[in-house]
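Taking it in order: structure first as structure tokens, then the write-up.
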Amino acid sequence: MVNKHYPAEFKADAVALYRSRPGATIAQIADDLGVNRETLRSWVRADDRRRGATAGSAASVAGSQASGSVEDENAQLRRRIRELEEERDILRKAARYFAGETRW
């Protein structure tokens, strides 16, 4: 078994990708990025410890927001665009990282 060392930026991006996709599981994200599921799970737990309880309170505030008006809908769509752009950037970085790792 080979122990891989991932850059801190890659770890942070992987955790951010997991957090930005509420319906996704750790297994799905880990498979998409090509990392071990338990490795990603440990990164998420470490991030939880680092962040403390602030993440849960922020999620409940965002979930209780009403999207009845056009401004609310526009804000929601802008957030979704930012999430998708972040996911795209993370996947590009991962592809670059793994492309540089291959030695034929």
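A search for C-beta distances below 7 Å between a residue of segment 78-104 that is over 14 Å from residue 19 (Cβ atoms) and of a type in the set (Val, Ile, Thr) and any residue that is at pLDDT 90 or above and not in a helix (DSSP H, G or I), counting only pairs 6+ apart in sequence or on different chains, returns nothing.
Residues that are out of contact with any strand residue (DSSP E or B) (no Cβ under 8 Å at 6 or more places or on another chain), modelled with pLDDT of 85 or more and assigned to a helix (DSSP H, G or I) occur at least once in segment 50-67. As for segment 16-28, it holds no residue that is under 21 Å from residue 100 (Cα atoms) and buried (at least 16 other Cβ atoms within 10 Å of the Cβ).
Can you find even one residue in segment 95-104 that is among the aliphatic types (A, V, I, L, M), in a helix (DSSP H, G or I) and modelled with pLDDT under 90? Walk me through it before giving the result.
Going through segment 95-104, the residues among the aliphatic types (A, V, I, L, M) turn out to be 95, 99.
Then drop every residue that is not in a helix (DSSP H, G or I), which leaves 95, 99.
Those left that are additionally modelled with pLDDT under 90: 95, 99.
There is at least one residue in segment 95-104 that is among the aliphatic types (A, V, I, L, M), in a helix (DSSP H, G or I) and modelled with pLDDT under 90.
The values are calculated or read from the model by the stated rules, or taken from the named source; none is laboratory data. In this text the structure is predicted, and so the values were computed from the model without any measurement. Cβ sites come from the backbone with ideal geometry, for glycine too, and all protein chains shown count toward neighbours.
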